[in-house]
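Structure first, commentary second.
What follows draws every value from the coordinates through simple rules; no lab data is involved. Predicted, not measured: the structure shown is a model, and the values here were computed from it. Cβ coordinates were reconstructed from backbone atoms using ideal geometry, including for glycine residues, and neighbour counts include every protein chain displayed.
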Amino acid sequence: MFLMHAPALWALFSLVNLVTSQSYTFDVNAGAELQVQTSLEEAPSLEFTNEGGTPYSMPYDYQRIGSDGPLLLQDVHLIENLAHFVRERIPERVVHAKGSGAHGYFIATNAAYCQNYTIMDIFTQQGLKTPMTARFSTVSGEMGAADTLRDPRGFALKFRTSQGILDIVMNNTPVFFIRDPTKFPHFIHTQKRNPQTHLRDHDLFWDYLSANPESLYQVMRLFSDLGTPYGFRHMNGWTGHSYRWIKSDGTWVYVKLYAETMQGIQNFTNAEANDMAGTNPDFATQDLYDAIANGTYPGWTVYAQVLTPEQAESFKYNVLDLTKDWGFDDVTPVKIGEFYLTMNSDNYFAEIEQLAFSPGRTVPGWEPSADPVLQSRLFSYGDAHRYRLGVNYLQIPVNAPTVPVANFERDGKMQVNGNQGNRPNYQSTLSPIKLVPPPYYQDTHQQWMGGAVHSLSEVTTIDFDWPKRFWASLSAQDQANFISNVVGHLGTVISYTVRQRQVALFALVDPALGQAIAQGVNVTVPPLPTFPTGPTWLNYTVFSNESTLNYI
């Protein structure tokens, strides 16, 4: 028998191994892709495994010493089971925590009109269907709160366009309580829980609102029956903020979008909302899910309102003021498309709880305006998602773009999509990434005049225009419901000063309204405050310790 010396034999084996290893490759992402496919399989077709994929005989098994001895820390299955269980909740959203959503599509129906103002393919290609996801929510309610809470409703839309992800955040109201972004955390705190009692506190609620009269129009909408919509399918949506539509030559217009429900507006009365909160607090979530499951696909018609920069300069309201609406009699809405929700989520956590929106996630032809509240949201939305979901939250399937992503952002927790491979992670001259030309030039955009100023708005007479218009638009029954809703809520406030201060604001809308609420909450109508005319924002620095300039 021929025998080879050990060193020579080892060298031969190493040579064979080297040749073999040089020819062997595998897809390191195959496992992740397989798990996505496995998530679509039904349970009877799969075998039970641990998290590493190893088959395991029985989910209830655990190891212990004898029949009544202590458990063993070596039991990986038990430890894995319990450790994952106590970590399966992520932080809930600070606002818009309670909600539901579904998938569907948007179809462009008036491309010729949109082509006059923007290069966005989603609106300018007639008949184009764009996959989308919508999420509806209350604003101040926690995860376990009732769907019928008196509150605005979030109305957020994610479009998966050929130009990238477009997020449009909306509410079921055309305005909001604030126009100064620094007030937002303060406002939300007053709508949640008292830090001492951990109870909702009507004194805090009304103290803030009565001290910030620019909120009045939104307050009046909230305490009408619009504040308790009948689920999510029977309400409209507004962007609230103005945005900019831009053409390839750099010319632009201000635009707001409005989504009108095809199911018709329907609201609960205060009594009905309270009753439903006790019998089915998840009413809106179930109503949306059941409608889609039954093939009754809800739909909305989408309209655009457009103002040129020149029209905006002479418009009756500041177009950057989130407390002011563009009435349909002021700016005619034009239909531009429709969207329908046709698919429920297969897994709520994966597709709805992890769903993340940002108004700064735009596509060419759509940009935020200089609305200060909107500008602050450009940071806070993305920052909230990085906190809740992780820095790579856009790799989560429901948030992932359906077009290639190529940039220099790398690493971080839960980097699961290949980390952009072996491409340079900097602007390289050795292997340069392609740079597309800008879709339009910036020099025809808004020009800024003056230096930076400390900005805080003040209440002027224009702030009472929309509350008066809204009150006049209500029927006698709706006005009676409004008074009852306000009295039932404001009447529980302990502070006489707060009740009286809010009554004064209602009296500025209509003396009879102020008197009716004053009588209902057991105060007298005080001397009414006066407000100046003029712009709400001043173009110079004013240092103030007041809630709103020249008020409280």
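Hey, can you rank 346-353, 32-39, 513-520 by average C-beta count inside 10 Å, highest first?
Going by the mean number of other Cβ atoms within 10 Å, highest first, we get 513-520, 346-353, 32-39.
In whole Hz and in residue order, list the ³J(HN,Hα) couplings for the stretch 418-428 that follow from phi through the Karplus curve 6.51 cos²θ - 1.76 cosθ + 1.60, θ = phi - 60°; x for Gly and Pro.
Once θ is set to phi - 60°, the couplings for the stretch 418-428 become x, 6, 6, x, 9, 5, x, 9, 8, 6, 8 Hz.
Net charge near TYR496, counting Lys/Arg +1 and Asp/Glu -1 over other residues with Cβ under 14 Å of its Cβ?
Net charge around TYR496: 0.
Please give the net charge around GLY144, taking every other residue with its beta carbon less than 10 angstrom from that of GLY144, where Lys and Arg add +1 and Asp and Glu add -1.
Here the count lands on -2.
How much length is gained if the chain between VAL28 and GLU88 is pulled fully straight, taking 0.36 nm per residue apart and subtracting their Cα-Cα distance, in nm to one decimal?
Once the chain is fully extended between VAL28 and GLU88, it gains 19.0 nm.
Quick one: compute the contact order of the stretch 84-135, relative version, from alpha carbon pairs under 8 angstrom and 6+ residues apart, as a percent.
Relative CO of the stretch 84-135 lands at 40 percent.
Mind checking which lysines have their Cα closer than 30 Å to the Cα of LYS413? Skip sequence neighbours fewer than 8 apart in that chain.
LYS98, LYS158, LYS434
Can you pull the one-decimal nm distance between simple spin-label points at ASP510 and ARG423, each 7 Å off the Cα toward Cβ?
6.0 nm
Sorted by packing (mean other beta-carbon atoms within 10 Å per residue), highest first, where do 404-410, 142-148, 521-527, 234-240 land?
The densest-packed peptide leads the list: 234-240, 142-148, 521-527, 404-410.
Skipping prolines and chain starts, which residues have an amide H placed within reach, meaning under 5 Å, of the one on GLY337, given they are 5 or more residues away or on another chain?
Long-range HN contacts for GLY337: THR109, VAL302.
Give the peptides 218-225, 306-313 in descending order of average Cβ contacts within 10 Å, highest first.
218-225, 306-313
Which FRET efficiency value, to the nearest 0.05, is calculated for THR279 and ASP346 with the Förster distance at 45 angstrom and r the Cβ-Cβ distance?
It comes out at approximately 0.95.
Given an 8 Å cut-off on Cα distances and at least 6 residues of separation, report the relative contact order of the chain as a percent.
It rounds to 16 percent for the chain.
Taking 22 Å as the cut-off for C-alpha to C-alpha distance, list the pairs among LYS183/LYS324; LYS256/LYS324; LYS192/LYS256 that go past it.
LYS192/LYS256
Would you list which aspartates and glutamates come within 14 Å of LYS335, measuring only between C-alpha atoms, while excluding same-chain residues fewer than 8 positions from it?
Excluding near neighbours in sequence, the set is GLU260.
Which is farthest toward the positive dipole end of the chain among ASN274, SER431, GLN196, measuring Cα position about the Cα centre, with Cβ charges +1 (Lys, Arg) and -1 (Asp, Glu)?
Value: SER431.
For ILE433 paired with THR38, estimate the spin-label separation in nm (one decimal), with each label point 7 Å from Cα along the Cα-to-Cβ line.
Using points 7 Å along Cα→Cβ, the separation is 3.2 nm.
Note down the net charge around THR269, summing +1 for each Lys or Arg and -1 for each Asp or Glu among other residues with Cβ under 13 Å from its Cβ.
-3
For the chain, give the magnitude of the charge dipole about the Cα centre (Cβ charges: +1 Lys/Arg, -1 Asp/Glu; no others), in debye to the nearest 20.
For this selection, approximately 840 debye.
Rounded to the nearest 20 Debye, what is the dipole magnitude of the stretch 103-170 about its Cα centre when Lys and Arg each give +1 and Asp and Glu each give -1 at the C-beta?
Here the size comes out at about 120 debye.
Rounded, prolate or oblate: pick one for the stretch 486-552, where a ≥ b ≥ c are the square roots of the eigenvalues of its C-alpha gyration tensor, a/c under 1.5 means rounded, and failing that, prolate if a/b is larger than b/c, else oblate.
Cα axes put the stretch 486-552 in the prolate bin.
How high is the relative contact order of the stretch 272-345, given as a whole-number percent (alpha carbon pairs under 8 Å, six or more residues apart)?
Rounded, it is 44 percent for the stretch 272-345.
For an R0 of 41 angstrom, estimate the FRET efficiency from the Cβ-Cβ distance between ALA145 and ILE65 and round to the nearest 0.05.
In this case the efficiency is close to 0.35.
With each label point set 7 Å from Cα along the Cα-Cβ vector, what nm distance links TRP537 and ASP383?
Each label point is offset 7 Å from its Cα along the Cβ direction, giving 1.9 nm.
Using 0.36 nm times the number of residues separating ILE188 and THR251, minus their current alpha carbon distance, what extension gain do you get?
So the extension gain works out to 19.0 nm.
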